[in-house]
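Asker: I have a structure here, written as C-alpha cells, and I will follow up with some questions on it.
The values are calculated or read from the model by the stated rules, or taken from the named source; none is laboratory data. Source: prediction; values computed, not measured. Note that we place each Cβ from the backbone using ideal geometry, even for glycine, and neighbour counts take in every protein chain shown. All accessible areas refer to the heavy atoms of the entire protein, side chains included, with ligands and DNA or RNA removed. Shrake-Rupley method; radii C 1.70, N 1.55, O 1.52, S 1.80 Å.
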Amino acid sequence: MPSPAPHQPTSRNDWIDVLKGTACLAIVCHHLSAYGPLAQSAAVSVPWLSAWFYDYGRMAVQIFLVLGGYLAAASLAPGGVARFDRAGTQIARRFMRLAVPYAAALAVAVSVAALVRPWLNDDAVPDAPGLMQVLANALMLQDVLHLPALSAGVWYVAIDLQLFSCAVLLLALARQMSNGNARAAFALGAGLVVVLCATSLLWLNRNPALDAWAVYFFGAYGLGMAVFWAARSPTPGLWWLALGVLGMCALAMEVRPRLVLALATALVLAVLARPDGRVQQAFAHRAFAPLVWVGRRSYSIFLIHFSVCLAVNAVVGTLWPEIVPVHWIGLLMALALSLLAGRWLYERVERRDASPARALRWHMHLASAGALAALAQGLTAV
C-alpha cells in the first residue's frame, strides 16, 4: 500500500526507498499467495511459505503508514509549522498525484478482469462494475460507501488521502490559532498530531469497524510524523521518551503484531533517516540498489500488480491446470511482470505532471473500461 511522496524532494533518502521496496515486495507476494488457482496450488505444495506470506505479508502496510507520515511531515511542515497557504489546495494537489496513476491502473484492472472473466472461474475476479461502483472507486470512496473495490488493496490509496488531509487540517488549524507565533504553532500542531496518534493507538485502532476511516490508521501515520520532528528537535530525548511511553501503553492495552511492526519501523526510521546523512554512506557498494529501484516505483507496482496476477493466473491455470512446478514458475513470472508493469506505469503516468486535465482523461478511460466490461458481461450472459 505505498503512495507517492507528497512532493519530490531535491535529494532522496535511499533507506526510505529500501523500506518501501521491501514492503512493496511483501505485499505483492501476499496477494500472489491469496488470489487465484496458482495461490491454491502453492498453499497445497508448500503450505508454510504460502501461509507466511498470506498471514504476514499484508502487515507491511504498517511500514507504508509510518513512512507516509514521515514524508507528510517533511513536505507539509519540516520545521513543525505548516508552510502551505491553503489547506484545500494542498489536499487537491495530493488527490491529483494519487488519482492519475490510480485511475490508469483501475482502467487496466477492469479491462483485464473483463478479459479473463469467461475462463478464470475464481472469486478473485471481480464482477463487472456498475456506474456507482466506478464513480465511488474513482473518488476513493468505495469503502466509505460499502461498495466493492475494483482492484485488490486500493483501499489504502483512499486511506492515504484521508490521512494526508487530516495532517493538513491539523497543521492549518494550529497555524491559524497561533496568530503568527511560530513556536505556538509548532507546539499546537505537534500536540494535535500526537493526541490523535495516541487516541488511535490506544482506542480507535482497536475497533475494526473504523477501518474505512483515517482515524483507525492515524496511530502509525502519526508515529512517522513525530519521528521526523523528533530527529530534528533540539530536545529529541523528550520526543523519544514520549513516543516510547505511548508505544508501551498501547502494547500493554493490547499486543497487536501490526503495532509492533509500526513501532519497529519508527525506530528503524529514526536511525536510518538521520538528517545528517551519515547512513547514506552505506550505499557506496550499492548492495541495496534493487530495493531502491523497487521502492521508487512502489506505488505504481502496487497499483498494477493485481491485474498482472489475474492475467498470469488465467493463462497458466488454464493451460497447465495440474502441473504444480509450472504454477510456481507462474508465480515467479507474475512477480517479475508486476515489476515491469509497475515500471511502465511509473514512467508513462506517475512521473508526469498530475494536472486536472490528465486526471480527467484517465478517469474517462476508467469509466469507458467499466462500461465496456458491463456490456461484455451482459452479452456473455445472453
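Asker: If you go through the range 211-238, how many residues are out of contact with any Ser or Thr (no Cβ under 9 Å at 6 or more places or on another chain), under 23 Å from M140 (Cα atoms) and part of a helix (DSSP H, G or I)?
Answerer: 0
Asker: With (1) acidic (D, E); (2) open to solvent by 50 Å² or more (accessible area, probe 1.4 Å); (3) not in a helix (DSSP H, G or I) as the list, and D55 as the residue in question, which single condition is left unmet?
Answerer: Status for D55: all satisfied but (3).
Asker: Residues of the range 31-52 being in a helix (DSSP H, G or I) and open to solvent by 20 Å² or more (accessible area, probe 1.4 Å), which ones?
Answerer: We begin by selecting, within the range 31-52, every residue in a helix (DSSP H, G or I); these are 31-32, 36-45, 47-52.
Correct list: P37, Q40, A43, V44, S45, P47, W48, L49, A51, W52.
Asker: In addition: So for the range 269-276 (the condition being more than 18 Å from L19 (Cβ to Cβ) and modelled with pLDDT under 90), does at least one residue qualify?
Answerer: Filtering the range 269-276 for residues more than 18 Å from L19 (Cβ to Cβ) gives 276.
From what is left, the residues that are modelled with pLDDT under 90 are 276.
Yes, the range 269-276 has at least one match.
Asker: Give the residues of the range 285-320 that are over 25 Å from V112 (Cβ atoms), over 23 Å from the mean Cα position of the chain (by Cα) and assigned to a helix (DSSP H, G or I), sorted by residue number.
Answerer: H285
Asker: What do you reckon, is L141 out of contact with any Pro (no Cβ under 8 Å at 6 or more places or on another chain), within 24 Å of R361 (Cα to Cα) and without any contact (Cβ under 8 Å) to a residue 24 or more places away in the chain? First the steps, then the outcome.
Answerer: Values: out of contact with any Pro (no Cβ under 8 Å at 6 or more places or on another chain): yes; within 24 Å of R361 (Cα to Cα): yes; without any contact (Cβ under 8 Å) to a residue 24 or more places away in the chain: yes.
In short, yes.
Asker: Residues to consider are L169, L188; find the one that is open to solvent by 50 Å² or more (accessible area, probe 1.4 Å), in a helix (DSSP H, G or I) and either at pLDDT below 95 or over 28 Å from R258 (Cα atoms) (or both). So that I can check it myself, show each step before the final result.
Answerer: Numbers: L169 fails: either at pLDDT below 95 or over 28 Å from R258 (Cα atoms) (or both).
Within the list L169, L188, the selection yields L188.
Asker: Report whether or not P257 is within 18 Å of L65 (Cα to Cα), open to solvent by 70 Å² or more (accessible area, probe 1.4 Å) and either touching a helix residue (DSSP H, G or I) at 6+ places or on another chain (Cβ under 7 Å) or charged (D, E, K, R) (or both).
Answerer: Numbers: within 18 Å of L65 (Cα to Cα): yes; open to solvent by 70 Å² or more (accessible area, probe 1.4 Å): yes; either touching a helix residue (DSSP H, G or I) at 6+ places or on another chain (Cβ under 7 Å) or charged (D, E, K, R) (or both): yes.
Spelling it out, P257 is indeed within 18 Å of L65 (Cα to Cα), open to solvent by 70 Å² or more (accessible area, probe 1.4 Å) and either touching a helix residue (DSSP H, G or I) at 6+ places or on another chain (Cβ under 7 Å) or charged (D, E, K, R) (or both).
Asker: A further question follows. So A354 fits all but one of (1) assigned to a helix (DSSP H, G or I); (2) under 24 Å from W293 (Cβ atoms); what number is the exception?
Answerer: (1)
Asker: Something else about it: Which members of the range 85-101 meet the condition of being open to solvent by 30 Å² or more (accessible area, probe 1.4 Å) and not basic (K, R)? Can you show your working first?
Answerer: Step one: filter the range 85-101 for residues open to solvent by 30 Å² or more (accessible area, probe 1.4 Å), giving 85-86, 88-93, 95-97.
Hits for the range 85-101 are D85, G88, T89, Q90, I91, A92, F95, M96.
Asker: Could you say which residue among G330, G342 is more than 17 Å from the chain's Cα centre (by Cα), part of a helix (DSSP H, G or I), buried (at least 23 other Cβ atoms within 10 Å of the Cβ) and in contact (Cβ under 8 Å) with a residue 40 or more places away in the chain?
Answerer: Values: G342 fails: more than 17 Å from the chain's Cα centre (by Cα).
Answer to the check: G330.
Asker: Is there a residue being touching a residue at least 60 places away in the same chain (Cβ under 8 Å), assigned to a helix (DSSP H, G or I) and among the hydrophobic types (A, V, I, L, M, F, W, C) anywhere in the range 79-92? Give the steps one after another, and end with the answer.
Answerer: Pass one, the range 79-92, residues touching a residue at least 60 places away in the same chain (Cβ under 8 Å): 79-82, 84, 87, 90-91.
Within this subset, residues satisfying the condition of being assigned to a helix (DSSP H, G or I) are 87, 90-91.
Keeping just the survivors that are among the hydrophobic types (A, V, I, L, M, F, W, C) gives 87, 91.
Checking the range 79-92: at least one residue is touching a residue at least 60 places away in the same chain (Cβ under 8 Å), assigned to a helix (DSSP H, G or I) and among the hydrophobic types (A, V, I, L, M, F, W, C).
Asker: All but one of (1) closer than 23 Å to C24 by Cα; (2) in contact with a Phe, Trp or Tyr (Cβ under 7 Å, 6 or more places away or on another chain) hold for F164; state the number of the condition that does not hold.
Answerer: Every listed condition holds for F164 apart from (2).
Asker: Conditions: (1) free of Cβ contacts under 8 Å to residues at least 60 places away in the same chain; (2) of a type outside the set (F, W, Y); (3) in contact with a helix residue (DSSP H, G or I) (Cβ under 9 Å, 6 or more places away or on another chain). A357 meets all but one. Number of the miss?
Answerer: (3)
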